[in-house]
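Right, one structure below, let's go through it.
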Amino acid sequence: MAERAALEELVRLQGERVRGLKQQKASAEQVRPRRQGRGQSKAEEDRAGVVCTEIEEEVAKLLKLKAQLGPDEGKQKFVLKTPKGTRDYSPRQMAVREKVFEVIISCFKRHGAEVIDTPVFELKETLTGKYGEDSKLIYDLKDQGGELLSLRYDLTVPFARYLAMNKLTNIKRYHIAKVYRRDNPAMTRGRYREFYQCDFDIAGQFDPMIPDAECLKIMCEILSSLQIGDFLVKVNDRRILDGMFAICGVPDSKFRTICSSVDKLDKVSWEEVKNEMVGEKGLAPEVADHIGDYVQQHGGVSLVKQLLQDPKLSQNKQALEGLGDLKLLFEYLTLFGIADKALEEKVRTTETQVLVASAQKKLLEERLKLVSELWDAGIKAELLYKKNPKLLNQLQYCEETGIPLVAIIGEQELKDGVIKLRSVASREEVDIRREDLVEEIKRRTNQPICIC
């Protein structure tokens, strides 16, 4: 109320000033001498112009003050609600949150972590340029006394600032706090403008992958303790991604922006990601397709081993270093007892033994013929219901559903009278005579062989 009263007084005083100036102008026009047969002198015209300009400036100030004052409080109508992208939490919800935090913090402390806290806002220059395309999502605050400030976007950059300010080279710390993002909220999908982040970092110089393995161990301990059900932890190394971009032909200037697109694969389809790369970011379609061949693959240590044998990727120094470290990481995770429990052991919902696939287009008829032969021989077989499915998609389907074998038909195989039989687990391929295919599938899947 006191602030409004002060503002109302400023409006009153400014109104009096405007009225005074207008009265002065009117009086001057009434008494100003006119030269017989002539208009105003140049000096008189200049003075009149100055007065008009001054009146316009003071009127603008008055209107600005009135805008700040707003309508009379007694006439205001508004809806009580939380700001867009935020929400309240009931006592019941807070009780659940506190129990979750208790589990998390207990695990952090069990692993010897210290806790820190940092301001909810930082100097704008500290945050600017640290988030790439997402920098536009930072909340800037109004200037309050000479410092340009912004709400923290995450807990990582403030942690880096904390380390640099305090000249720390080694610390194992955790930090649970709210962060703010000027994003388009999707409340039903858990995307808010204000939300908690839970950070655990081991900062310092250490032998490769030992701290990384402990971080993953901590994550699995927490998720298991919270009893949320089955979960999948995804790991990556930026060097692999950069090396992949390089061999695929992505220009250096587009690395970061294309990386931003790839990050969306958890939320949208590959086709949508590709359209963004090509349509919005100007990447050549063939380069995007090459990227797709890599980023659509999934797996654990077996995929790492496969990529280490990739003729192009293995020739890139960055990628080779990243893959080597990931291989080491999986060795440590195995010792911790958390490696490949879900990337490798799938719960199968079907008993399909083999997927009939094609390596080129226009081979639907050949696939239909072969799958029919296998069905007639008692083999449990499937094929994708598309005329020209990509081989990568067919192989991916086998990995996702746990189908152990793929019978691949290609133009060359048809000419040679063979079928290429691929083991999904080992990715080994051998050419089998078509007439021997049924026996080989039964042998590999331990199905009894009928001797006639």
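The values are calculated or read from the model by the stated rules, or taken from the named source; none is laboratory data. It should be emphasised that the depicted structure is a prediction, and the values quoted were computed from it without experimental measurement. Cβ atoms come from the backbone with ideal geometry, glycine included; neighbour counts cover every protein chain shown. Areas reflect the complete protein model, heavy atoms only, side chains present, ligands, DNA and RNA absent. Shrake-Rupley method; radii C 1.70, N 1.55, O 1.52, S 1.80 Å.
Round to the nearest 0.05 the FRET efficiency obtained for K124 and D266 when R0 = 41 Å and r is the Cβ-Cβ distance.
Details: r = 30 Å, r/R0 = 0.73.
Here the calculated transfer efficiency is 0.85.
The apolar share of the surface of the chain, taken as the fraction of accessible area on carbon and sulfur atoms (1.4 Å probe, ligands and nucleic acids excluded), comes to 52 percent.
Per-residue 3J(HN,Hα) values for the range 195-207, derived from phi via the Karplus relation 6.51 cos²θ - 1.76 cosθ + 1.60 with θ = phi - 60°, read 7, 8, 10, 10, 10, 9, 9, 10, 9, x, 9, 9, 5 Hz in sequence order (x marks Gly and Pro).
For the chain, what does the relative contact order come out to in percent, with C-alpha contacts under 8 Å and a separation of six or more? List each step's numbers first, then the result.
Working: 479 pairs, mean separation 40.7, N = 452.
Rounded, it is 9 percent for the chain.
With K and R counted +1 and D and E -1, the other residues having a Cβ less than 15 Å from that of L313 yield a net charge of +1.
Ligands, DNA and RNA excluded, the heavy atoms of D199 present near 20 Å² of accessible surface to a 1.4 Å solvent probe.
3J(HN,Hα) along the range 250-258, derived from phi through the Karplus expression 6.51 cos²θ - 1.76 cosθ + 1.60 where θ = phi - 60°, amounts to 6, x, 3, 5, 9, 3, 5, 6, 6 Hz, with x in place of Gly and Pro.
May I ask which of K172/K267; K136/K264; K380/K442; K84/K178; K386/K420; K420/K442 have a Cα-Cα span longer than 22 Å here? Intermediate values should be presented prior to the final figure.
Values: K172/K267 31 Å; K136/K264 17 Å; K380/K442 10 Å; K84/K178 16 Å; K386/K420 20 Å; K420/K442 15 Å.
Check vs 22 Å cut-off fails for K172/K267.
Tell me what the chain gives for mean residue ellipticity at 222 nm when only DSSP H runs of n ≥ 4 count, each as -39,500 (n - 2.57), the sum divided by the residue total, rounded to 500 deg cm²/dmol. Intermediate results must be reported in sequence, preceding the final value.
Details: 16 runs with 210 residues, N = 452.
The per-residue figure over the chain is -15000 deg cm²/dmol.
In the full protein context, the chain carries 63 Å² of accessible surface per residue, based on a 1.4 Å probe and ignoring ligands, DNA and RNA.
To the nearest 20 debye, what is the magnitude of the charge dipole of the chain about its Cα centre, counting +1 on the Cβ of each Lys and Arg and -1 on the Cβ of each Asp and Glu? Let's see the in-between values first.
Numbers: 74 positive and 73 negative charges, 423 e Å.
Dipole about the Cα centre, nearest 20: 2040 debye.
Structure shown: which of K312/K361; K109/K317; K109/K167 lie over 32 Å apart, alpha-carbon to alpha-carbon? With Cα atoms farther than 32 Å apart: K109/K317.
Could you tell me the calculated FRET efficiency between L392 and A6, based on Cβ-Cβ distance and R0 = 60 angstrom, to the nearest 0.05? Before the final figure, lay out the partial values.
On the way: r = 69 Å, r/R0 = 1.15.
According to the calculation, E is roughly 0.30.
Only one of (i) 3, 12, 18, 20, 13, 11, 8, 5, 4, 3, 1, 0, 0, 0; (ii) 4, 19, 30, 27, 15, 5, 1, 0; (iii) 3, 12, 13, 9, 8, 6, 6, 9, 10, 9, 6, 3, 2, 2, 1, 1, 0 was calculated from the structure for P(r) over Cα pairs in 10 Å bins from 0, in percent, and its label is (i). Once backbone amide H atoms are built at 1.01 Å from N, V235 has no partners under 5 Å, excluding neighbours fewer than 5 places away on the same chain. Straight-line reach only, C-alpha to C-alpha below 15 angstrom: list the aspartates and glutamates that K362 could link to, leaving out same-chain residues fewer than 8 apart. Leaving aside aspartates and glutamates fewer than 8 places away in the same chain, those within reach of K362 are E411, E413.
In the context of the full protein assembly, K136 retains an accessible surface of approximately 130 Å², using a probe radius of 1.4 Å and ignoring ligands and nucleic acids.
Classify the range 287-382 from the C-alpha gyration tensor, please: rounded if a/c falls under 1.5, else prolate or oblate depending on whether a/b exceeds b/c. Write out the running numbers ahead of the final one.
Working: a/c = 3.63, a/b = 1.56, b/c = 2.33.
Oblate is the answer for the range 287-382, as a/c is 1.5 or above yet b/c matches or exceeds a/b.
For K25, a cut-off of 29 angstrom between C-alpha atoms picks up these lysines, skipping any fewer than 8 places away in its own chain: K42, K61, K64, K66.
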